[in-house]
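The values are calculated or read from the model by the stated rules, or taken from the named source; none is laboratory data. This one's a predicted model, so the numbers in the text were calculated from it and none came from an experiment. Cβ atoms come from the backbone with ideal geometry, glycine included; neighbour counts cover every protein chain shown. Side chains included, ligands, DNA and RNA excluded: accessible areas come from the protein's heavy atoms. Shrake-Rupley method; radii C 1.70, N 1.55, O 1.52, S 1.80 Å.
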Amino acid sequence: MTTQLGGPPPAEPAGGMDAATAVSAESAQLEGAAPAGGTVAGKPKSLLRLGFEVFIQNRLAIVGLIVVVLAILFCFVGPLVYRTDQVTVVLTDANLPPGPGHPLGTDGSGYDVLGRLMVGGQTSLIVGLAAAAIATIVGTLWGAIAGFFGGWVDGVMMRIVDAILAIPILFLLLFLVTIVRPSLTVMIFVIGLTAWLVPARLVRGESLTLRVREYVQAVRVMGGSSWRSVSRHIMPNVIGTVIVNATFQVADAILLVAYLGYLGLGISPPATDWGAMLSNGTQYVFLNYWWLIYPAGFAIIIVVVAVNLVGDGLRDSVEVRLQRR
């Protein structure tokens, strides 16, 4: 900067900037703009919010969730609106085609097919959800304990799992339902206690990697019990894998109910499920009574596909949360 001869140099504002620049910087800060010299990082998103955002961006998962909710409303709220008699056999109304009074016709016993579809859906969804819950709880505990303790405990527990997996699940189910009279409660426990093997293997693999982490080792050093390590550290960290697998367990359980019902080993009449409806309809396949086959078949396909889409969306959201960690 040049100075005038015979006089002092012109004064500069404090901080090295003129008055106009200082005023503009102050107004920019008041308006919420980023201050000069860099940007301020925003508050990081929580893992739950990050996973939720990833899930809602998956359009197929949202469609699947909507379909599942509509199926639940159809099966449990529908009978309150569309009332039918699903107990009394009316042979004079047997095998009526769709028309006024019976939108989807009637079956061989005179039952309204639309009302039958709602009642059968209740059985399929209740067994699917309850059996998946039992399988998830038992499998998570079994896998977490086996993976955490390792050694001979892991060897014995996983050899039991391998031995049961060697038996075809459908054959095992057929054996169990032939020695126990099928009912809603029996089917829930039979399917649930044969479907826990897959989540047990998944959780066991996760536990083998988690048990060597520093925070798990710290519990041992501080004198914490093994159960505390399993319940407070191992199981919460595998919850993402467990939730994703639980959705697929629901779909598998619904299919297993359909298999048993199709083979005539479902719950006893007048109760029914979608598999039993499909089995009864195949007796009239050559008579072109399509309303006895297509509704139950489409219901099984749509609900199972929707549940799998929800599971895919949850898997994507959990993977993003794990990457964030």
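Which of rounded, prolate or oblate describes the range 237-296 when judged by the alpha-carbon gyration tensor and an a/c cut-off of 1.5? Prolate shape, in that a/c is at least 1.5 and a/b is the bigger ratio. To the nearest 0.05, what FRET efficiency results for Tyr284 and Val180 with a Förster distance of 51 Å applied to their C-beta separation? Efficiency, rounded to the nearest 0.05: 0.95.
Solvent-accessible surface of the range 242-325, averaged per residue with a 1.4 angstrom probe and all protein chains in place: 48 square angstrom. Going by accessible surface with a 1.4 Å probe and the largest first, Asp273, Asp162 read Asp162, Asp273. Note that the range 201-211 has calculated 3J(HN,Hα) couplings of 5, 5, 5, 4, x, 5, 5, 4, 7, 7, 5 Hz, one per residue in order, obtained from phi through the Karplus relation 6.51 cos²θ - 1.76 cosθ + 1.60 (θ = phi - 60°); glycine and proline are x. For the range 93-102, the Karplus equation 6.51 cos²θ - 1.76 cosθ + 1.60, evaluated at θ = phi - 60°, returns couplings of 9, 6, 6, 6, x, x, x, x, x, 9 Hz by residue, with Gly and Pro reported as x. Rolling a 1.4 Å probe across the protein heavy atoms gives the range 78-191 an accessible surface of 48 Å² per residue.
Reducing the range 279-294 and the range 129-155 to their Cα centroids gives an inter-centroid distance of 42 Å.
Shown for the range 250-325: the carbon plus sulfur share of the solvent-accessible area, taken with all protein chains present and a 1.4 angstrom probe, equals 62%. The order of Arg116, Arg59 by accessible area, most exposed first and with a 1.4 Å probe, is Arg59, Arg116. 3J(HN,Hα) along the range 131-137, derived from phi through the Karplus expression 6.51 cos²θ - 1.76 cosθ + 1.60 where θ = phi - 60°, amounts to 5, 5, 5, 5, 4, 5, 5 Hz, with x in place of Gly and Pro. Among the protein heavy atoms, those of Trp290 account for about 110 Å² of accessible surface (1.4 Å probe, every chain in place).
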